[in-house]
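Written out below as structure tokens is the structure these notes cover.
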Amino acid sequence: PGVLVGRCRLEGDVTEPGAPVRVAIDASVRLGDPLRRVADRLRAEVEARLRRHTELQVVAIDVAITDVREGA
């Protein structure tokens with residue numbers, strides 16, 4: 001809740017089974033939300049969904065908070 005993902009990139013060879021892949025996410029959060037906790041929660045959610053829906057060998061999920069906005 002409160003997180004808007006602006007950009008998501010898969011870095012690595014996604015066509016090669018077992019090849020290491022990094023996920024890079026740019027996100028916007030609400031003013032006042034604890035940045036580290038929001039980033040950790042987003043990282044965990046993305047990891048859980050990737051494990052459920054793909055066989056990619058995800059080695060890292062990098063979250064960059066690129067914007068802070070007021071309101072909901």
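The angle separating the long axis of helix 35-53 from the principal Cα axis of greatest extent in the chain is about 30 degrees. About the centre of its Cα atoms, the stretch 24-72 shows a dipole size close to 200 debye [charges on the beta carbon of Lys, Arg (+1) and Asp, Glu (-1) only; nearest 20 debye].
Net length available on complete extension from Leu35 to Arg52 is 3.5 nm, with 0.36 nm assigned per residue and the Cα-Cα distance removed. Result for the chain in a Gaussian network model with C-alpha springs under 10 Å: among Arg41, Arg30, Arg49, the largest mean-square fluctuation is at Arg49. Taking the inverse of the mean 1/r over every pair of distinct Cα atoms in the chain gives a Kirkwood hydrodynamic radius of 12.9 Å. Note on surface exposure: Leu42, Leu31 rank Leu31, Leu42 by accessible area, highest first, 1.4 Å probe. For the chain, the solvent-accessible area with a 1.4 angstrom probe is 71 square angstrom per residue.
At a 1.4 Å probe radius, carbon and sulfur cover how many percent of the accessible area of the chain? Solvent-exposed carbon and sulfur of the chain make up 51 percent of the total.
The values are calculated or read from the model by the stated rules, or taken from the named source; none is laboratory data. In this text the structure is predicted, and so the values were computed from the model without any measurement. Cβ sites come from the backbone with ideal geometry, for glycine too, and all protein chains shown count toward neighbours. Note: areas computed on protein heavy atoms with side chains; ligands, DNA, RNA excluded. Shrake-Rupley method; radii C 1.70, N 1.55, O 1.52, S 1.80 Å.
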